[in-house]
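Contents: one structure, followed by commentary.
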Amino acid sequence: KVALVTGASYGLGVTFAETLAGAGAQLVLAARSLDKLEALAARLTAVGHKAIAVKCDVGNPADVAAMVESGGRHFGRIDVLFACAGYSGGTSVPDTTLEAWDGVMRTNVTGTFLWSRAVLGPMRAAGRGSIILVGSQLAMAGGRANAAYLASKGAVISMTKLAALQL
């Protein structure tokens with residue numbers, strides 16, 4: 001399988017990319033931090049896995065389209081989207097600036113939407129594919145995490161449920 005992993009330069013994105021590689025997936029690694037992506041791709045290819053690193057802003061429609069096209073061109077297809085790019089800027093509701101709110105929503109919600117939509121065409125044409133969108137249990141449980149992050153991950157969970165029903 002060919003898996004496209006967003007947010008593959010930090011934390012869970014790295015863990016999920018390594019896990020998918022260990023299961024035999026060829027990887028298209030996406031994030032803004034190209035140096036970290038290239039280091040991960042080099043580490044994976046050094047032990048026999050196939051991976052390419054492509055710098056991408058997940059909230060930019062042109063970057064997303066180019067990334068999906070690049071991954072499809074390099075490996076011939078995209079079988080799996082693992083969208084875990086995330087940003088947690090902001091604080092409490094009264095203290096979160098509109099700029100911080102918009103930044104979180106652009107990455108966590110708009111980016112997830114753009115990626116899902118971008119891979120649907122090729123997956124439908126192939127008659128197969130898997131889309132995995134990463135939410136957060138904090139979105140359901142609440143807590144002391146920041147307002148924008150909780151709201152964005154709640155939106156991702158709702159979008160995932162709707163897409164599962166529609167597709």
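For this structure, a couple of remarks:
- Annotation: for a label point projected 7 angstrom from Cα along Cα→Cβ of residue 130, residues of the stretch 23-49 with backbone N closer than 16 Å are 23-28.
- A 1.4 Å probe run over the chain, with the rest of the protein chains in place, finds 51 Å² accessible per residue.
- Those aspartates and glutamates that a straight Cα-Cα span of less than 19 Å connects to residue 50, excepting residues fewer than 8 apart in one chain: 18, 35, 38, 69, 79
- Of the accessible area of the stretch 1-94, computed with a 1.4 Å probe over protein heavy atoms only, carbon and sulfur atoms account for 57 percent.
- Each Cα pair under 8 Å and six or more residues apart adds its separation to the average, and for the chain the resulting relative contact order is 21 percent.
- Given their separation in residues at 0.36 nm each and the Cα-Cα distance between them, residue 33 and residue 62 gain 8.7 nm when the chain is fully extended.
- Gain upon complete extension [residue 120, residue 163; 0.36 nm per residue less C-alpha separation]: 14.4 nm
- Cut-off 10 Å between beta-carbons: net charge of the residues surrounding residue 75, Lys and Arg +1, Asp and Glu -1: +3
- The aspartates and glutamates within cross-link reach of residue 153, meaning a Cα-to-Cα straight distance under 15 Å and a gap of 8 or more places when in the same chain, are 102.
The values are calculated or read from the model by the stated rules, or taken from the named source; none is laboratory data. These numbers come from a predicted model, not from an experiment. Neighbour counts are summed over all protein chains in view; Cβ atoms, including those assigned to glycine, are modelled from backbone coordinates with ideal geometry. Only protein heavy atoms, including side chains, enter the accessible area calculation; ligands, DNA and RNA are left aside. Shrake-Rupley method; radii C 1.70, N 1.55, O 1.52, S 1.80 Å.
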